[in-house]
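Remarks on the structure that follows.
The values are calculated or read from the model by the stated rules, or taken from the named source; none is laboratory data. Since this is a predicted model, take the numbers as computed values, not measurements. When we count neighbours, we look across all protein chains shown, and the Cβ atoms used for this are built from the backbone with ideal geometry, even at glycine.
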């Protein structure tokens, strides 16, 4: 039997980007359109925690991106 080549993209190379909008009252809304992840937070700290939880849920059962591969693009209204 010959060797079988398996091609995969390691989770370390995966990168996902969230578009973050700071609303006029100060809260934040985040969307990662490529993975259909949406969340919000009343502060950046809460938003960070909610993004981490949302990624854990979305990637349950499969490789997830490392924290350094998560990008936030912040816009203010």
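Listed values, structure above:
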| read-out | value |
| --- | --- |
| Residues located in region 26-45, provided they are surrounded by 11 or more Cβ atoms within 10 Å (Cβ to Cβ), farther than 20 Å from residue 14 by Cα and either without any contact (Cβ under 8 Å) to a residue 12 or more places away in the chain or under 9 Å from the mean Cα position of the chain (by Cα) (or both) | 29 |
| Qualifying residues in region 58-77 (those that are without any contact (Cβ under 8 Å) to a residue 40 or more places away in the chain and either surrounded by 10 or more Cβ atoms within 10 Å (Cβ to Cβ) or in contact with a strand residue (DSSP E or B) (Cβ under 6 Å, 6 or more places away or on another chain) (or both)) - the one farthest from residue 26 (Cα to Cα) | 59 |
| Odd one out for residue 9, checked against (1) exposed (fewer than 13 other Cβ atoms within 10 Å of the Cβ); (2) at pLDDT below 90; (3) within 10 Å of the chain's Cα centre (by Cα) | (3) |
